[in-house]
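K.L.:
The structure under discussion is supplied below as structure tokens; questions concerning it will follow.
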Amino acid sequence: MQWSASYTFKGKLSVNISEGRGLRPSYDPYVVCVFEWNEYISKGAHLEQSYQTENRNRNQLEALTSVPIQRSNSDSGRPMAIPMKSRQSSQNSMLDGYNHRTTTQVTDPQWNHEAVFDVLGDESEIDVSVYDRSNQEAFLGHVKLRLNLKEDKKSVAGWFPLEARGQGDGHVSGEIHLQMFFQKTDKKQVGPNDFQILKLIGKGTFGQVYQVRKKDTQRIYAMKVLSKKVIIQKKEVAHTLGERNILVRTATTDSPFIVGLKFSFQTPSDLYLVTDYMSGGELFWHLQKEGRFQEPRAKFYIAELILALQHLHQHDIVYRDLKPENILLDANGHIALCDFGLSKANLTKNDTTNTFCGTTEYLAPEVLLDEQGYTKMVDFWSLGVLVFEMCCGWSPFYADDTQQMYKNIAFGKVRFPRDALSAEGRNFVKGLLNRNPKHRLGAKDDARELMAHPFFHDIDWDAMSRKDVIPPFKPKLKSVSDTSYFDPEFTTALDNSASLNARAAALAAGAATESTPLSPGMQANFKGFTFVNESTMEQNMRDLHHDSMDEDFKEDDSWINRTRSAESIEFEHRMSGVARTHDEGGIFSDDYHFEM
């Protein structure tokens with residue numbers, strides 16, 4: 001049996017959120033605590049102890065002589081990826097709110113909640129936000145701190161004043177009492193039996209994605225389990241290891257808008273990727289429920305996505321599968337990009353690649369038509385399709401027939417519905433959906449060119465990168481293990497299927513899930529998946545940085561094209577019999593509108 005952590009434990013951080021005082025009056029105040037992009041969602045206050053609304057003396061912030069901290073305006077974060085298969089959304093309505101509401105408002109809530117986090121970085125940010133669960137998730141303020149865990153000082157306790165995120169937050173008052181204790185941990189291996197499987201939250205060709213609880217810290221994660229046998233049968237070894245390599249690369253850099261890898265390990269029959277659990281669910285789920293978003297909400301998500309793509313492109317990674325199914329929401333309403341199964345590393349600014357892959361509705365025309373290959377500009381084409389879909393409610397090139405969809409992408413006109421987008425929004429989409437990638441918005445200066453577009457004239461990009469811009473939507477969640485925003489088809493599956501339950505039990509125990517074990521030669525294909533220690537991790541990263549082999553060259557030609565219906569499209573089914581087009585002006589039709 002072989003497994004290990006993807007990078008070394010630093011230790012455990014215990015955070016006690018004991019009480020608040022002088023808060024804006026609220027009915028059911030609760031806390032969302034985020035550390036290294038892992039979430040803790042508290043229950044409500046102990047109401048019988050919290051009806052203390054008299055004014056109390058405000059002590060000055062206590063001098064802290066333990067864990068070194070500072071106010072954080074940094075955009076640092078820890079990334080990760082949870083891959084989800086596209087599927088039709090369930091018709092069940094999502095959680096609307098909660099029935100109970102107290103009749104007394106609270107200003108001095110008593111919580112006494114404790115969360116224990118796995119620590120994997122030396123300098124990490126902690127964000128503690130307070131909301132009113134019984135008043136439309138009203139924001140009451142937050143505290144954002146940076147902890148330096150390199151030093152020997154191990155604890156801190158004090159009152160911390162709540163702050164607003166921006167002008168739209170209104171009045172914020174009061175302070176909360178936090179106690180934090182850091183304990184170093186000896187290096188240890190991590191395996192399946194360190195996790196308890198709670199729910200199935202996704203299912204794909206190669207395996208499943210589970211919501212899991214880490215037994216020692218009680219933290220909730222998402223665990224993707226991939227069958228080695230299926231990966232070998234589908235000739236996807238290179239892509240699976242490529243996905244892992246990209247996750248490792250993003251996990252060692254900082255982006256708050258990419259889901260972060262926490263642990264990776266393997267057993268003789270399966271591969272495991274453990275990532276942060278994003279309790280707000282897929283953007284696909286929310287878009288299906290609401291039909292379309294108002295422009296300000298769509299603009300917020302697109303702005304955060306641009307920052308995610310900027311991070312990837314700066315690290316020579318082309319994403320290649322941008323769609324609502326691969327965008328998750330966290331407990332505060334921010335996005336996190338996930339699923340790097342189709343991504344490609346080591347693609348510099350002017351480099352091209354030829355792999356025919358992606359989701360049909362979002363494929364750029366040069367992927368279909370240009371035998372010379374395509375660049376990272378395919379991500380910005382997909383972003384244009386996504387903006388249109390968010391604001392208009394449908395995909396601009398969709399057709400029931402795949403070949404017709406290809407023709408629509410190559411030659412079809414895009415018709416905007418009346419009043420769905422502002423003039424600046426339409427111009428932004430037109431710039432992204434330019435069929436000539438050399439003239440596409442972003443071709444000259446990548447993401448910075450998009451950020452400078454008039455569509456974002458009201459965006460403070462520094463505040464956006466720090467997550468200090470107020471999200472337009474806040475998920476309503478009962479706890480950190482809440483699965484209200486995931487498809488009930490999956491979340492109820494373990495309760496209704498004995499076979500799935502048996503497989504989950506075997507996975508959690510690290511037992512073999514295949515009747516016929518793989519040969520040593522087949523096992524050797526996965527030797528690069530597991531990290532043994534920190535030095536191995538560092539060497540692996542150096543190897544990745546200098547590896548010039550093109551994984552597109554290594555892959556099998558019959559690479560699966562991921563469509564919403566999860567159909568497989570072979571390489572030879574690429575659109576044929578059409579000439580490359582340089583048409584820049586004929587794609588849009590402004591003289592025809594759909595009534596909404």
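The values are calculated or read from the model by the stated rules, or taken from the named source; none is laboratory data. Because the structure is predicted, anything quoted here is derived from the model rather than measured. Here the Cβ positions follow ideal geometry from the backbone for every residue, glycine too, while neighbour counts run over all protein chains shown.
K.L.:
Please report, ordered by residue number, the helices (runs of 4 or more DSSP H) entirely within region 343-462 with at least 3 residues that are charged (D, E, K, R) and over 23 Å from the mean Cα position of the chain (by Cα). Let's see the steps before the verdict.
P.N.:
Numbers: elements: 365-369, 378-392, 402-411, 423-432, 446-451.
It comes to 423-432.
K.L.:
Given (1) assigned to a loop (DSSP other than H, G, I, E, B); (2) closer than 17 Å to Leu329 by Cα, where does Asp254 come up short, assuming only one miss?
P.N.:
(2)
K.L.:
Ok, one more. State which residue is nearest to His177 (Cα to Cα) when the search covers only region 106-121 and only residues that are touching a Pro at 6+ places or on another chain (Cβ under 9 Å) and of a type in the set (Val, Ile, Thr).
P.N.:
Within region 106-121, the match that is nearest to His177 (Cα to Cα) is Thr107.
K.L.:
Then there is this: Going through region 484-494 one residue at a time, which ones are over 14 Å from Tyr210 (Cβ atoms) and surrounded by fewer than 18 Cβ atoms within 10 Å (Cβ to Cβ)?
P.N.:
Result: Pro488, Glu489.
For (1) closer than 30 Å to Ala138 by Cβ; (2) outside the structural domain of Met464 (by TED's automatic domain parsing); (3) surrounded by fewer than 24 Cβ atoms within 10 Å (Cβ to Cβ); (4) among the aromatic types (Phe, Trp, Tyr), each residue gets a yes or a no:
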position: Cys338; (1), (2), (3), (4): yes, no, no, no
position: Phe356; (1), (2), (3), (4): no, no, yes, yes
position: Pro365; (1), (2), (3), (4): no, no, no, no
position: Tyr374; (1), (2), (3), (4): no, no, no, yes
position: Leu383; (1), (2), (3), (4): no, no, no, no
position: Val387; (1), (2), (3), (4): yes, no, no, no
position: Tyr398; (1), (2), (3), (4): no, no, yes, yes
position: Glu424; (1), (2), (3), (4): no, no, yes, no
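K.L.:
Considering Leu271, Leu287, which residue is aliphatic (A, V, I, L, M), touching a residue at least 12 places away in the same chain (Cβ under 8 Å) and assigned by TED's automatic domain parsing to the domain that holds Leu305?
P.N.:
Leu287
K.L.:
Report yes if some residue within region 320-329 is farther than 30 Å from Val32 by Cα, surrounded by 21 or more Cβ atoms within 10 Å (Cβ to Cβ) and over 16 Å from the mean Cα position of the chain (by Cα); otherwise report no.
P.N.:
Checked against the condition, which is being farther than 30 Å from Val32 by Cα, surrounded by 21 or more Cβ atoms within 10 Å (Cβ to Cβ) and over 16 Å from the mean Cα position of the chain (by Cα), region 320-329 yields no hits at all.
K.L.:
Is it true that Ile176 is surrounded by 14 or more Cβ atoms within 10 Å (Cβ to Cβ), within 25 Å of the chain's Cα centre (by Cα) and within 19 Å of Tyr40 (Cα to Cα)? Before the answer, list the steps.
P.N.:
On the way: surrounded by 14 or more Cβ atoms within 10 Å (Cβ to Cβ): yes; within 25 Å of the chain's Cα centre (by Cα): no; within 19 Å of Tyr40 (Cα to Cα): yes.
Answer is no for this residue.
K.L.:
For region 220-227, does any single residue satisfy the condition of being surrounded by fewer than 19 Cβ atoms within 10 Å (Cβ to Cβ) and β-branched (Val, Ile, Thr)?
P.N.:
No, every residue in region 220-227 fails to be surrounded by fewer than 19 Cβ atoms within 10 Å (Cβ to Cβ) and β-branched (Val, Ile, Thr).
K.L.:
Right, another one. Scan region 298-319 for residues that are more than 14 Å from the chain's Cα centre (by Cα) and small (Gly, Ala, Ser) and jot them down.
P.N.:
Ala298, Ala303
K.L.:
Looking at (1) of a type in the set (Lys, Arg); (2) under 15 Å from the mean Cα position of the chain (by Cα); (3) farther than 17 Å from Asn38 by Cβ, can you tell me which one Lys234 breaks?
P.N.:
All conditions are met except number (2).
K.L.:
What are the pairs, 6+ residues apart or on separate chains, where a residue within region 373-387 that is more than 16 Å from Ile317 (Cα to Cα) has its Cβ under 7 Å from a residue that is of a type in the set (Asp, Glu) and surrounded by fewer than 24 Cβ atoms within 10 Å (Cβ to Cβ)?
P.N.:
Here the result reads Val385/Glu361, each pair linking region 373-387 to a residue that is of a type in the set (Asp, Glu) and surrounded by fewer than 24 Cβ atoms within 10 Å (Cβ to Cβ).
K.L.:
Can you find a residue in region 144-154 that is buried (at least 20 other Cβ atoms within 10 Å of the Cβ), out of contact with any His (no Cβ under 8 Å at 6 or more places or on another chain), at pLDDT below 50 and not acidic (Asp, Glu)?
P.N.:
Scanning region 144-154, I find no residue that is buried (at least 20 other Cβ atoms within 10 Å of the Cβ), out of contact with any His (no Cβ under 8 Å at 6 or more places or on another chain), at pLDDT below 50 and not acidic (Asp, Glu), so the answer is no.
K.L.:
Taking His171, is it of a type outside the set (D, E, K, R), not assigned by TED's automatic domain parsing to the domain that holds Asp468 and not in a loop (DSSP other than H, G, I, E, B)? Give the steps one after another, and end with the answer.
P.N.:
On the way: of a type outside the set (D, E, K, R): yes; not assigned by TED's automatic domain parsing to the domain that holds Asp468: yes; not in a loop (DSSP other than H, G, I, E, B): no.
Considered against the rule, which asks whether it is of a type outside the set (D, E, K, R), not assigned by TED's automatic domain parsing to the domain that holds Asp468 and not in a loop (DSSP other than H, G, I, E, B), His171 comes out as no.
K.L.:
Does any residue in region 310-328 that is closer than 16 Å to Leu432 by Cβ come within less than 6 Å, Cβ to Cβ, of a residue that is assigned to a strand (DSSP E or B) six or more places away or on a different chain, and which pairs are these?
P.N.:
Between residues of region 310-328 that are closer than 16 Å to Leu432 by Cβ and residues that are assigned to a strand (DSSP E or B), the close pairs are Val318/Lys344.
Here's the yes/no breakdown for (1) under 23 Å from Leu283 (Cβ atoms); (2) at pLDDT 95 or above; (3) among the charged types (D, E, K, R):
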{"residue": "Val385", "(1), (2), (3)": "yes, yes, no"}
{"residue": "Ile409", "(1), (2), (3)": "yes, yes, no"}
{"residue": "Lys413", "(1), (2), (3)": "no, no, yes"}
{"residue": "Ala420", "(1), (2), (3)": "yes, no, no"}
{"residue": "Ala423", "(1), (2), (3)": "no, yes, no"}
{"residue": "His439", "(1), (2), (3)": "no, yes, no"}
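K.L.:
Can you pull out the residues in region 131-155 that are more than 16 Å from Lys467 (Cβ to Cβ), outside any loop (DSSP other than H, G, I, E, B) and among the aliphatic types (A, V, I, L, M)? Steps first, please.
P.N.:
We begin by selecting, within region 131-155, every residue more than 16 Å from Lys467 (Cβ to Cβ); these are 132-138, 140, 147-155.
Cutting the leftovers down to outside any loop (DSSP other than H, G, I, E, B) gives us 132, 138, 140, 147-148, 155.
Result: Ala138, Leu140, Leu147.
K.L.:
Still on this structure, please answer the following. Of all residues in region 261-272, count the ones that are small (Gly, Ala, Ser) and crowded, with 24+ Cβ neighbours inside 10 Å. Quick ask: steps written out before the conclusion?
P.N.:
Step one: filter region 261-272 for residues small (Gly, Ala, Ser), giving 264, 269.
Adding the requirement that they be crowded, with 24+ Cβ neighbours inside 10 Å leaves 264.
Qualifying residue count for the region: 1.
K.L.:
Residue check: is Val469 modelled with pLDDT under 50, farther than 27 Å from Leu347 by Cα and out of contact with any strand residue (DSSP E or B) (no Cβ under 8 Å at 6 or more places or on another chain)?
P.N.:
Working: modelled with pLDDT under 50: no; farther than 27 Å from Leu347 by Cα: yes; out of contact with any strand residue (DSSP E or B) (no Cβ under 8 Å at 6 or more places or on another chain): yes.
When the stated conditions are applied, Val469 does not pass them.
K.L.:
Okay, moving on. May I ask you to list pairs of residues, at least six apart or on different chains, whose Cβ atoms are under 9 Å apart, with the first in region 104-117 being at positive phi and assigned to a strand (DSSP E or B) and the second being of a type in the set (Asp, Glu) and at pLDDT 95 or above?
P.N.:
Asn112/Glu19
K.L.:
Confirm whether Asp339 is within 22 Å of Lys444 (Cα to Cα), outside any helix (DSSP H, G or I) and either in contact with a Pro (Cβ under 7 Å, 6 or more places away or on another chain) or of a type in the set (Asp, Glu) (or both). So that I can check it myself, show each step before the final result.
P.N.:
On the way: within 22 Å of Lys444 (Cα to Cα): no; outside any helix (DSSP H, G or I): yes; either in contact with a Pro (Cβ under 7 Å, 6 or more places away or on another chain) or of a type in the set (Asp, Glu) (or both): yes.
Against the criterion (within 22 Å of Lys444 (Cα to Cα), outside any helix (DSSP H, G or I) and either in contact with a Pro (Cβ under 7 Å, 6 or more places away or on another chain) or of a type in the set (Asp, Glu) (or both)), Asp339 does not qualify.
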